[in-house]
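Chemist: Have a look at this one before I ask anything.
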Amino acid sequence: MTTDITSAPATLASSRLYCRQITRQQARNFYYGLALLAEPKRSALFALYAWMRHVDDLADDEDGRTPEQRLDDLENFRQATHAAFDQITPDDEPAELWPAFSDMVRTYSVPREVFDDAIAGHQQDVRGTTFQTFEQLREYCYRVAGTVGLASLYIWGFEGGENTKTMAIDRGIALQLTNILRDLSEDASRGRVYLSADDLSQFNMTRADILTRMPSESFDKLIRFEIARAESYFNSSAPLESLIQADCRATLSTMTNIYHRLLEKISTDPLRVLRQRISLSMVSKIMIAVGASWGKHSDKPRVDANGLE
């Protein structure tokens, strides 16, 4: 059973609250930037994140489902997302997501295919896809992270057309490549290797070398090579802040600077990614957000007892 989503506008406020709570609880790096946005863009980004979070959970939650069940769940969620685009409330959980999501895609005209591409990336994760070439890895990075940048662009508002869209995708790829390095040890413990076979071969390494996490000079050189590649995507997307609406620039700068700081932290000791997941302290993230908010692109931040609001 489905219902016309426009017949229940009173549910929008509770749906937005649900998305905000999910973002605050789960978005360890993104929340500090999103909290700087004014309404209604802030709620729209919370809805986008909540949707992305749920797709990630469908693919990765350790809850006993088989890969086949996970793929079925992702396909059902894709169909539910299409229903939400058509202003029909899906029966699929979480029910609290859909009013805010539907309002977001309708208000900001986010393309449907962006969400199809994101789901396709998580289907790759479930299937245990490996990457022979960097181009294959780049396509995956677009699907799971470039899509977030592209969808966000429509909410922020932008000028520059296709070139700006390319930069938004590149920024997402930069963040995902940083994620891959940050999570290398955690992913290896789950039997996952996201670096391409061609890159490994270039440094006389194999997938088994990553899974066993044995430090070596070759591994150090490999990680430094991947750091430089991530930097190249940060550089290619450097003009992006100037091409989005001014009220959103502090948000983008905060999220970018948090990830770039992570990359810098990895570069000081590349072998560290073999031992642990690299992270920044909450204080560091808040200071980055405050610095962006006090910069030339936005007003002063609002702070409460729980941090940035």
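The values are calculated or read from the model by the stated rules, or taken from the named source; none is laboratory data. Predicted model, so just to flag it, every value in this text is computed and none were measured. Here Cβ is always computed from backbone atoms with ideal geometry, including for glycine, and neighbour counts include all displayed protein chains. What goes into the accessible areas is simple: the full protein's heavy atoms, side chains included, and nothing from ligands, DNA or RNA. Shrake-Rupley method; radii C 1.70, N 1.55, O 1.52, S 1.80 Å.
Chemist: Hey, any hits in the range 24-35 for a residue that's in a helix (DSSP H, G or I), modelled with pLDDT under 95, out of contact with any Asp or Glu (no Cβ under 8 Å at 6 or more places or on another chain) and among the small types (G, A, S)? If you could, list the steps in order and put the result at the bottom.
Modeler: Within the range 24-35, the first condition is being in a helix (DSSP H, G or I), and the residues that meet it are 24-26, 31-34.
Next, only the ones that are modelled with pLDDT under 95 stay: 24-26, 31-34.
Those left that are additionally out of contact with any Asp or Glu (no Cβ under 8 Å at 6 or more places or on another chain): 24-26, 31-34.
Right, trim to among the small types (G, A, S) and you get 33.
Looking through the range 24-35, at least one residue is in a helix (DSSP H, G or I), modelled with pLDDT under 95, out of contact with any Asp or Glu (no Cβ under 8 Å at 6 or more places or on another chain) and among the small types (G, A, S).
Chemist: Determine whether T147 is modelled with pLDDT of 95 or more, surrounded by 18 or more Cβ atoms within 10 Å (Cβ to Cβ) and β-branched (V, I, T).
Modeler: In short, yes.
Chemist: Which residues, taken from the range 74-91, are of a type outside the set (S, T, N, Q) and open to solvent by 50 Å² or more (accessible area, probe 1.4 Å)?
Modeler: Taking the range 74-91 as the starting set, the residues that turn out to be of a type outside the set (S, T, N, Q) are 74-75, 77-78, 80, 82-86, 88, 90-91.
Hits for the range 74-91 are E75, R78, D86, I88, D91.
Chemist: Among the residues of the range 230-255, which ones are surrounded by fewer than 18 Cβ atoms within 10 Å (Cβ to Cβ) and part of a helix (DSSP H, G or I)?
Modeler: Scanning the range 230-255 gives E231, S232, N235, S236, S242, A246, D247.
Chemist: Hey, another quick one. In the range 188-229, how many are open to solvent by less than 40 Å² (accessible area, probe 1.4 Å) and farther than 19 Å from K265 by Cα?
Modeler: Count: 12.
Chemist: Looking at E62, is it over 21 Å from Q21 (Cα atoms) and either under 17 Å from the mean Cα position of the chain (by Cα) or part of a helix (DSSP H, G or I) (or both)?
Modeler: Values: over 21 Å from Q21 (Cα atoms): yes; either under 17 Å from the mean Cα position of the chain (by Cα) or part of a helix (DSSP H, G or I) (or both): no.
Taking the combined requirement at face value, the residue does not satisfy it.
Chemist: Tell me whether the range 47-67 contains one or more residues that are more than 25 Å from S14 (Cβ to Cβ), among the small types (G, A, S) and surrounded by fewer than 18 Cβ atoms within 10 Å (Cβ to Cβ). Let's see the steps before the verdict.
Modeler: Taking the range 47-67 as the starting set, the residues that turn out to be more than 25 Å from S14 (Cβ to Cβ) are 59-60, 62-67.
In the following step, the residues that additionally are among the small types (G, A, S) were identified as 59, 64.
Cutting the leftovers down to surrounded by fewer than 18 Cβ atoms within 10 Å (Cβ to Cβ) gives us 64.
Yes, the range 47-67 has at least one match.
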